[in-house]
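See structure below.
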Amino acid sequence: QENPTEDIKSPRIEKKEIEYLTVDEVERLLETPDDSVKGIRDRAILEVMYATGIRVSELIELKLRDVNFRMGFITCNGEHGRARIVPMGGIARRALDDYMLNSRGRFMEGKDENNPEGPLFVNYKGEAFSRQGLWKVLKKYGELSGLDGKLTPHILRTSFGVHMVQN
């Protein structure tokens, strides 16, 4: 008739501290890509990821039609198929413009680079990035900027959120 567990208290679950990059670390990361065709593309990827806080899956699924260059926002399909409009800051917009003008066409040689259904960010074959391909890009720039092992797509996304709240 009595509950023997009534006086037992559940253990406290330890809360993990949020991991994120400092503003200086993010700036160092964003300054790392060079001005080569690949570097211009990679800078645009990093800037868009940090400026918008979108997930890797959302980034690699972006199509040309999903970007409003004039108004400075992207439309991405989030979890459960819900589309949302995400604004981009001026620096990310300029990096994306630079990519579209000076880099994307070089990767798309022989393909219709103006197809609105085409992927926004393309690999060296002019095809959509895979998750693994994007991971390699992040890993490379993490190492080059001295953030080896610390930089993950989730940490970049978390850094966006933390910095938005701090400012």
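Summary table below
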item: Within the accessible area of the range 89-167 (1.4 Å probe), percent carbon and sulfur; result: 52
item: Helical mean residue ellipticity (222 nm; -39500 (n - 2.57) per DSSP H run of 4+; nearest 500) of the chain; result: -13500 deg cm²/dmol
item: Environment charge of Thr152, counting only residues whose C-beta is closer than 15 Å and scoring Lys/Arg +1, Asp/Glu -1; result: +4
item: Residue-level accessible surface for Thr5, protein heavy atoms, 1.4 Å, Å²; result: 80
item: Normalised contact order of the chain, rounded percent, pairs of Cα under 8 Å and 6 or more residues apart; result: 29
item: Heavy-atom surface of the chain, accessible at 1.4 Å and reported per residue (Å²); result: 64
item: Given Lys63/Lys125; Lys111/Lys150; Lys16/Lys136; Lys38/Lys111, the pairs whose alpha carbons are separated by over 25 Å; result: Lys111/Lys150; Lys16/Lys136
item: Whole-number percent relative contact order across the range 72-148, with pairs defined as alpha carbons under 8 Å at least 6 apart; result: 16
item: Alpha carbon centroid spacing (whole Å) that separates the range 75-102 from the range 28-65; result: 9
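The values are calculated or read from the model by the stated rules, or taken from the named source; none is laboratory data. Just so it is clear, the model here is predicted, and its values are computed rather than measured. Cβ sites come from the backbone with ideal geometry, for glycine too, and all protein chains shown count toward neighbours. We work out accessible area using only protein heavy atoms, side chains counted, and drop any ligands, DNA or RNA first. Shrake-Rupley method; radii C 1.70, N 1.55, O 1.52, S 1.80 Å.
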